[in-house]
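The values are calculated or read from the model by the stated rules, or taken from the named source; none is laboratory data. Bear in mind that the values here come from a model prediction, so they are computed numbers and not experimental data. We place every Cβ from the backbone using ideal geometry, glycine too, and count neighbours over all the protein chains shown. Surface accessibility is based on the protein's heavy atoms, side chains included, excluding ligands, DNA and RNA. Shrake-Rupley method; radii C 1.70, N 1.55, O 1.52, S 1.80 Å.
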Amino acid sequence: MIKTKENSMIVGLDVGGTHTDVVLLGNEGLLKEIKVLTDSSDLYRTVLTGLEKLLEGVEPAKINRIVLSTTLTTNAIVQKKLPQVGMIVSSGPGIDPKFFCTNSHYFAVSGSIDHRGREIEPVDKNEIENISGILKNEGIRNIGVVSKFSVRNPSHELIINEILKDSFTKIFLGHQISGNLNFSRRIATTYLNAAVYPLHKEFFEAVNKSLKEKGLMVPIHILKADGGTMSFESSIDSPGRTILSGPAASVMGSIASAPDEEESLVLDIGGTTTDMAVLINRIPVLEPLGIRLGGYKTLIRSLETRSIGLGGDSVVKVEDGKINIGPERAGPAMAYGGPVPTPTDAFFVMKHIKNGDKKKSIEGLKSIAKGIGTSYENAAHEIVDQTCRKILEEAQDMINLINRKPVYTIHEIKEGYHVKPKKIIVLGGPAPHFAEYLEKLSGYKVSVAPRWKVANAIGAALARTTCEVTLFADTEQKIVAAPEERFSISVKEGFTKDDAVEKAFDLLKQKALQRGANIDDLEMEILEDLQFNMIRGFYTTGKNIRIKVQVKPGLIHEYESIAERLL
Amino acid sequence: MLRAKYKTGLVFFPAFDWAISPTHPEREERLLYTQDQVFEEGLFDIDGIQELKPDIVTIKDVQRVHFCVPDVEHVTTESHFISAGGAKRIGMAVLDKEIERGFALVRPPGHHAMRVVHGARGFCNVNIEAIMIEYLREAYNIDKVAIVDTDCHHGDGTQDIYWHDPYTLFISIHQDGRTLYPGSGFPNEMGGPNAVGATINIPLPPHTSEEGFLYVIKNVVLPILDDFKPDIIINSAGQDNHYSDPITNMNFSAQGYAALTSLLKPDIAVLEGGYSIEGALPYVNVGIILAMAGIDYSKVKEPNYDPDSIRQTPEITSYIKKLGEEILINWEQKGKIEEKIRGAKELDERDRNIFYDTDSLHEKQKETIRVCSDCSGAIRIDSSSDLGSHILAIHIPRKACRDCKGLGYKWYDTADASKYDMIFLQDRTENKYLTLIE
Ligand SMILES: [Zn+2]
Ligand SMILES: [Zn+2]
């Protein structure tokens, strides 16, 4: 029986495309790691099997935290296995909302609100009631309601909600999903939330129930794409945030070994794909707006990551006298009984690697060598070189993209902050093989993340709760509001940017705690603080203030000692 | 799925930390609500529309166009380098074929800035379109350029810079100068003796509406552009013709601006004025961007848009028709008019008093040009301002003939240095810009 001094063991689980990794962490560090095959047709079974295997011989009462990262919602979206939902969209002037249509039960309705949150045209209640009737007849259970500029004034979404609420199971309102401007993304995001809701709810209720039956009474946390966690309870209102948590798990797993005051590039090299991300002072760079997945552009906060179809098991073949690698995978490397040569086989030829059949690798590489008229040793070199170059090129491209982000003040242009990572951290199955070649090619210092094979599950286990609050004040209209937080009060003329920031931090703290954060982990920061004098006819009539604050993604402090022991 | 028909680039630079003064119309807040609308509409997410980061122009880029007194740094702020850099970035992206069309949604504006700069006029310090155009001419193989200025104010700065250049067609459509700043821009202002006809002014009466603007574009501007055959078309896209603009008297709309853009098909648009920051700019800019990209803009309307209430009178309609005919006749007869203006002159002169309203400055100018059939002609400008500086500026044009280049250098070399505080030379043939300081 594994013993630890206090009841402070944590479980991290990350469902991957091929394997699901599960780890048990305690004060002594990594206590146990398990790998099970992922059955994407039955993720519930996969998750439960993983947890059961991990917890064999562990006293349930010693566990005080479980964090899960699954591909449940991601798969449903990518495979387009989404149930019917109803979308009600109110746009007002601008691009015709028919262009943002997400699904067949999509209704563009009247009503309009402007950029200051002023009502231009009211909601037509009869119109909504008629649509409600249609949707009920069609047997639709879940609804998304989105109005343009609802993040400035949610009243139209709320009025529509009021009309619908007794007739449907769950209604998602655009303004409660993100505080950011972007009507078309708000529509897509609200739609995805409504569409994955039943699946998400059913899955986690089942997992929760099974764990309770095993005596695990601790709350479940779920990993999000921004590298933070949320409680299962709060995920019910925003199941869309569970999309694409996989890459985030790996990035969080690399943080423990990242340098404090430097920028690093993280490469998670798997069998089929390589995921990349950038850390600045151990904090991952976030996407400015949100995830893009399956043709949808969303407002779901996410790490800035890039994924390419190139990994240790990528198929290597010769085409037109040239070596071609990936993006498909046909199985493991030939050294492990696979059908075709792979970059991992090239490593088998070039290096001394235990636990594999080098002869099989040589056999595979010889066929490649023949196709390009060289020795199999040269072919191996060529394969590794090409794979590493491609990965580094893509990484550079992603970094260029981060540096090309527009800014809107002279101050920011002058400051001209440029990301220029000096270090690469690699993790994932074939990580150690790649490290030395990446170092040679890039000239950067390359290190392998500790526990590189299960760093993703460790990342999930140690990730802290994150969230964001967007607040605006318009003192000409005498309001300060954060509609996403259901917050709106009237203010006097003297309200300042400092007051607004203070208010935003208050709201952020409440939100984080409610989502399962530990009070010690509230590392908050300002992302945006703008204040404009509003001039009308040469007189100042008010202030327009925009604030955005967040809890930074990072590792939970409580387990810093664990993180250190992993190194 | 929404997809741009024309690959369109946008530089959005609202300069959120810059204003002429705290309550000036050219202030931090100016593009705030445009940003809100552009972000909320998700324009940068549309396939085929991409946001580009502005460049920062160099001192040399400015010197290629302007004589800045006493120097470039004294008459500009960083915002001007970025705003001109935004235009330059768009121009480069178009000529590099990175995009098909582009819009520099930048501030501060530039179309009132003339060749000699002692300070700010009409909220402008340097001419951002001219800086872009001359850079593009230097770096790419383009020659003939057309600028269509649709700001409500006469583009007198751009007119001044290209007054003598037959390779740059400058068309300004604006509210009649008898009723609005800067008070110039009449049909008889047609360009200098080497470039008669290359400047075209179309002063429209107050309260001109969509009908009038679109009539002028279809019946006057497009035929002239067809005839001139420019390598690129630039639109100085001021938005102060809008019916809600606080400092002008026109009746144009977001639908009108979008339709105008669809007709004109500019390769590059550059924002100029427009001070109805809530009622007009958010909708006009979205309309222009969609029109440039070739996307349906039929639902882009101001919340209080009512075409009937802004319709122009039949008197305005017939006035504009007559004006259009007059301008087309001038265009056809430009050769004859040029002959008449030139006569047997070797040199031509003009004396001007220029007022810098933004900085409350007066400038006195004597400009001399060599009448030439082989090039745009060498120019000599004697200029003094009531700040006390007296300068001599010599311009040798881009495709100068030997005689004009020779004369330019002769003017420069033999100038009486004791009479001037500074002597400038702009040799466009060698991309060389010199300053002699007394
Ligand atoms: Zn203007
Ligand atoms: Zn000449």
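Kirkwood hydrodynamic radius for region A:344-464: how many Å is it when counted over pairs of different Cα atoms?
Working: mean 1/r = 0.0583 Å⁻¹.
17.1 Å is the Kirkwood radius here.
Length available on full extension from residue A:422 to residue A:101: 0.36 nm per residue minus the Cα-Cα distance, which gives 111.2 nm.
Between the amide H of residue B:200 and those of B:170, B:171, B:172, distances stay under 5 Å, these residues lying 5 or more places away or on another chain, with hydrogens modeled in the peptide plane. Residues of region A:79-97 buried by at least 10 Å² of accessible area upon assembly of all protein chains, compared with the chain on its own (1.4 Å probe): A:93, A:94, A:95, A:96. A drop of at least 30 square angstrom in accessible area, chain alone versus all protein chains together, probe 1.4 Å. Which residues of region A:165-189 meet that? Checking the loss per residue gives A:181, A:182.
In region B:19-97, Cα pairs under 8 Å separated by at least six residues give a relative contact order of 28 percent. Accessible surface area normalised per residue over region A:468-551 is 49 Å², counting heavy atoms of protein chains with a 1.4 Å rolling probe. Most simply put, the protein assembly as shown has about 55% antiparallel DSSP beta bridges, counting only bridges with both residues inside it. Summarising the amide proton neighbourhood of residue B:102: residues at separation of 5 or more, or on other chains, whose placed amide H is nearer than 5 Å comprise B:9, B:268, B:269. Measuring nothing but protein heavy atoms, the accessible surface of chain B at 1.4 Å probe radius is 50 percent carbon and sulfur.
Over region A:213-357, the reciprocal of the mean inverse Cα-Cα separation, the Kirkwood hydrodynamic radius, stands at 17.7 Å. Counted over region B:3-335, the DSSP beta bridges are approximately 5% antiparallel.
Taking the DSSP bridge list for region A:86-196 and keeping only pairs wholly inside it, about 15 percent are antiparallel. Whole-Hz Karplus values for region B:101-106 come out as 9, x, 10, 9, 8, 10 Hz, taken residue by residue from phi with 6.51 cos²θ - 1.76 cosθ + 1.60 and θ = phi - 60°; glycine and proline positions read x.
I'd like the FRET efficiency for residue B:434 and residue B:402, computed as 1/(1 + (r/R0)^6) with the beta carbon distance as r and R0 of 25 Å, rounded to 0.05. E(calc), rounded to 0.05, equals 0.80. Remark: region A:437-448, residue by residue, has Karplus-estimated 3J(HN,Hα) of 6, 5, 5, 4, 6, 8, x, 8, 7, 10, 10, 9 Hz, where x stands for each Gly or Pro and the curve is 6.51 cos²θ - 1.76 cosθ + 1.60 at θ = phi - 60°. Total buried accessible area between A and B, probe 1.4 Å, nearest 100: 3900 Å². Close amide H pairs (under 5 Å, H built 1.01 Å from N) link residue B:347 with B:371, residues at least 5 positions away or on another chain.
Once the Cβ-Cβ distance of residue B:58 and residue B:374 is raised to the sixth power relative to R0 = 35 Å, the FRET efficiency obtained is 0.70.
For region A:86-196, the per residue solvent-accessible surface stands at 32 Å², with DNA, RNA and ligands left out and a 1.4 Å probe.
Interface burial in region A:526-567, defined as at least 40 Å² less accessible area with all protein chains than with the chain alone at a 1.4 Å probe, covers A:532, A:535, A:536, A:538, A:546. What distance in nm lies between label points placed 7 Å from Cα along the C-beta direction at residue A:523 and residue B:143? So the two model labels end up 6.2 nm from each other. Annotation for residue A:514 and residue A:306: the two label points, set 7 Å from Cα along the Cα-Cβ direction, are 3.8 nm apart. Here the gap between residue A:125 and residue A:354, fully extended at 0.36 nm per residue and compared with their Cα-Cα distance, gives a gain of 75.3 nm.
Measuring r between the beta carbons of residue A:201 and residue A:42 and using R0 = 25 Å, the FRET efficiency lands at 0.90.
Annotation: cysteines of chain B without a disulfide-compatible partner (Cβ-Cβ under 4.7 angstrom) are B:68, B:124, B:152, B:372, B:404. Compared with the alpha-carbon gap, the fully stretched path from residue A:445 to residue A:400 is longer by 14.2 nm at 0.36 nm per residue. Take every Cα pair under 8 Å whose residues are at least 6 apart in sequence, average their separation, divide by the length of region A:468-551, and the relative contact order is 38 percent.
Label point of residue B:336 set 7 angstrom out along Cα-Cβ; within region B:209-250, no amide nitrogen lies under 18 Å from it. Of the solvent-accessible surface of region A:322-378, computed with a 1.4 Å probe over protein heavy atoms with every protein chain present, carbon and sulfur atoms account for 51 percent. When a/c is below 1.5 the answer is rounded, else prolate if a/b is larger than b/c, else oblate, so apply that to the protein assembly as shown with a ≥ b ≥ c taken from the square roots of the Cα gyration tensor eigenvalues. Prolate, because a/c is 1.5 or more and a/b exceeds b/c. When the solvent-accessible area of region A:86-196 is split by element, carbon and sulfur atoms take up 45 percent of it, the probe being 1.4 Å. Charge tally for residue B:95 (other residues, Cβ to Cβ under 10 Å; Lys, Arg +1; Asp, Glu -1): -3. Check cross-link reach from residue B:322 to the lysines: straight Cα distance under 20 Å, and skip same-chain residues fewer than eight apart. List returned: B:218, B:334. So what is the relative contact order for chain B, in percent, with contacts set as C-alpha pairs under 8 Å and at least six apart? After rounding, I find 14 percent. Solvent exposure of region B:344-437, expressed per residue, is 49 Å² of accessible area, with all protein chains present and a 1.4 angstrom probe. Pairs from the list A:98/B:7; B:265/B:364; A:414/A:440; A:322/A:405; A:420/B:88; A:503/B:88 with a Cα-Cα gap above 32 Å: B:265/B:364; A:414/A:440; A:322/A:405; A:503/B:88.
Using the Karplus relation 6.51 cos²θ - 1.76 cosθ + 1.60 with θ = phi - 60°, the per-residue 3J(HN,Hα) values for region A:430-435 come to x, 3, x, 4, 6, 3 Hz, with x marking Gly and Pro. Express in % the proportion of alpha carbon pairs of region B:351-424 at distances exceeding 17 Å. Here the tail beyond 17 Å accounts for 49 percent of pairs. For region B:3-335, what class follows from the C-alpha gyration tensor (a ≥ b ≥ c being the square roots of its eigenvalues): rounded when a/c is under 1.5, otherwise prolate if a/b is larger than b/c, else oblate? It comes out rounded by the Cα gyration axes.
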